[in-house]
Each structure stands twice: as C-alpha cells, then as structure tokens.
1. Before rounding to the nearest 500, sum -39500 (n - 2.57) across all DSSP H runs of length at least 4 in the chain and divide by the residue total; then give [θ] at 222 nm in deg cm²/dmol.
2. Computed over the Cα atoms, what is the radius of gyration of the chain divided by 2.2 N^0.38 Å, N being its residue count?
3. Could you give the length gained on full extension between Thr68 and Glu88, defined as 0.36 nm per residue of separation minus the Cα-Cα distance, in nm?
4. Please work out the Kirkwood hydrodynamic radius for the stretch 26-81, using every pair of different C-alpha atoms, and report it in angstroms with one decimal place.
5. Under the definition of Cα pairs under 8 Å and six or more residues apart, what whole-number percent is the relative contact order of the chain?
6. Ignoring ligands, DNA and RNA, what percent of the accessible area of the chain is carbon or sulfur (1.4 Å)?
7. Counting Lys +1, Arg +1, Asp -1, Glu -1, what net charge surrounds Gln81 among other residues with beta carbon under 11 Å of its beta carbon?
8. Distance between Cα centroids, the stretch 82-110 to the stretch 20-66: provide it in whole Å.
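The values are calculated or read from the model by the stated rules, or taken from the named source; none is laboratory data. These numbers come from a predicted model, not from an experiment. Neighbour counts are summed over all protein chains in view; Cβ atoms, including those assigned to glycine, are modelled from backbone coordinates with ideal geometry. Just so you know, the surface numbers come from the protein's heavy atoms only, side chains and all, with ligands and any DNA or RNA stripped out. Shrake-Rupley method; radii C 1.70, N 1.55, O 1.52, S 1.80 Å.
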Amino acid sequence: QVQLVESGGGLVQPGGSLRLSCAASRSIFLLHTMGWYRQAPGNQRELVAIISPGGTTNYVDSVKGRFTISRDNAKNTMYLQMGGLKPEDTAVYYCTAGRWPRADDYWGQGTQVTVSS
C-alpha cells in the first residue's frame, strides 16, 4: 500500500522559514524519485522540487536559492526546507513519488502553507 503523509505546514510571515516532511512507505521511498508539488487557489499544480533515489535534485526557478529538498533514506522521509518565504508561496503542498523527472505517480493528501503578515 502506498502511503505518503505530509506534515509541517502552517502560517508563517513573509521572509520566514518552514520545513515540510513527507513520510513514505519504504517500498515507494527507496525505488522512486520523490517530489513536492504545490497548488494555489485558481492555479494549476506546479512541480516545486524533486529528488532522485541517489540524491539528484531539480527545482522550479521561482524557489531556487530559497528551498532545499532532501531525503533521509534511513527514515523513509523527505523534506522541503523553505526559506525567504513570500506570499506567492502560499499553496497546498503535496508530497509525490514516481519516475524522474515528474514524480507524479503517487500523491499525498497535501498540507497547507500560508505566507501572510
């Protein structure tokens, strides 16, 4: 059974930081590229960052230098460290797993991130 469970969302002020976590079932985590997507109201889902089983990463241009994706293979957990947050980062963030470069075969339930003063 595929399980992707996000945590760590919340309300943060502009310029602040937040770390999202995604706990995955081991079979999925070890074999798949993992990713973070986000969807703001009225917008399409957007791929934010992905990381391969070997640690290769890729980011959407709008978050480069501010967000860092990582994975802990011993804990079957992926992270998204977000810094320099902007109001336009407000969205529901989804943990995903799949094949490079989209990682969109499996989806978590999502966690809300709101950047507002």
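1. On the way: 1 runs with 6 residues, N = 117.
Helices in the chain give a 222 nm mean residue ellipticity of -1000 deg cm²/dmol.
2. Numbers: Rg = 13.1 Å, N = 117, 2.2 N^0.38 = 13.4 Å.
So the chain has a normalised radius of gyration of 0.97.
3. Details: separation 20, 0.36 × 20 = 7.20 nm, distance 1.73 nm.
Length gained between Thr68 and Glu88: 5.5 nm.
4. Details: mean 1/r = 0.0838 Å⁻¹.
That comes to 11.9 Å for the stretch 26-81.
5. Numbers: 297 pairs, mean separation 42.5, N = 117.
Here the relative contact order equals 36 percent.
6. Details: 2770 of 5910 Å².
For the chain, the apolar C and S fraction of the accessible surface comes to 47 percent.
7. On the way: positive: Arg19, Arg66; negative: none.
Here the charged neighbours net out to +2.
8. 5 Å
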